[in-house]
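Below is one structure, written out as structure tokens; the observations come after it.
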Amino acid sequence: MALTANQKATLPPRVAFAFLGDRAYLGRMPTRETVEAFVAQVLSNDHVGAIRDWYHEDAWMQENQVPLRQGGRSKLMEQEAATLARMNEVLTELVAPPIIDGNRVAIRWRFTFTPKQGQGFAMEEVAWQTWRGDKIATETFFYDPKQRGG
């Protein structure tokens, strides 16, 4: 479903239009305060809690264009917990403030991983998010896989 220029111009100020899968969605955009609260929770290293609190029940993630990590919020929480269980420590840093454009948010992160086995590594990534209101519906991570030794 495409909107005409006149239709787009008449949308309320806090409304965005995005395509999620093959269906159109019309919904509210996240506020800067909402995005900053999400970022603060991630920076506190509460990664699983951030998924619990800030992702839609039907959310999905994708890494560097590989197949989607589907299964909804619960599955994403399980996967994140499994990753964290393999680590002694994860240091999370915000490299640059989030860029918010309608219901799209881009965040540049740096994560430093200290695994229980093997060599530690740091990686920077950009998370490209689509929000539906105050929660994340989709998230794609872009990074150089060589940072992970791959």
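Taking amide H atoms as placed 1.01 Å from N in the peptide plane, the amide H of M87 lies under 5 Å from those of K116, each 5 or more residues away in sequence or on another chain. Classify the range 14-148 as rounded, prolate or oblate, taking a ≥ b ≥ c as the square roots of the eigenvalues of its Cα gyration tensor: rounded when a/c is under 1.5, otherwise prolate if a/b is larger than b/c and oblate if not. Because a/c hits 1.5 or more and a/b exceeds b/c, the range 14-148 counts as prolate. With the simple model of a label 7 Å out from the Cα in the direction of the Cβ, Q70 to R148 spans 2.1 nm. Sites listed here are trypsin sites (Lys or Arg not before Pro) in the range 63-150 whose DSSP assignment is loop and whose Cβ has at most 14 other Cβ atoms within 10 Å: R86, K116. The value obtained for the range 74-150, namely the Cα convex hull volume divided by the number of residues, is 100 Å³ per residue.
Charge dipole of the range 33-150 (Cα centre as origin; +1 on each Lys and Arg Cβ, -1 on each Asp and Glu Cβ, all else neutral): 360 debye, rounded to the nearest 20.
Every number in this text was worked out from the coordinates using simple rules, so none of it is lab data. If you're wondering where the values come from, they're calculated on a predicted model, not measured in any experiment. Cβ sites come from the backbone with ideal geometry, for glycine too, and all protein chains shown count toward neighbours.
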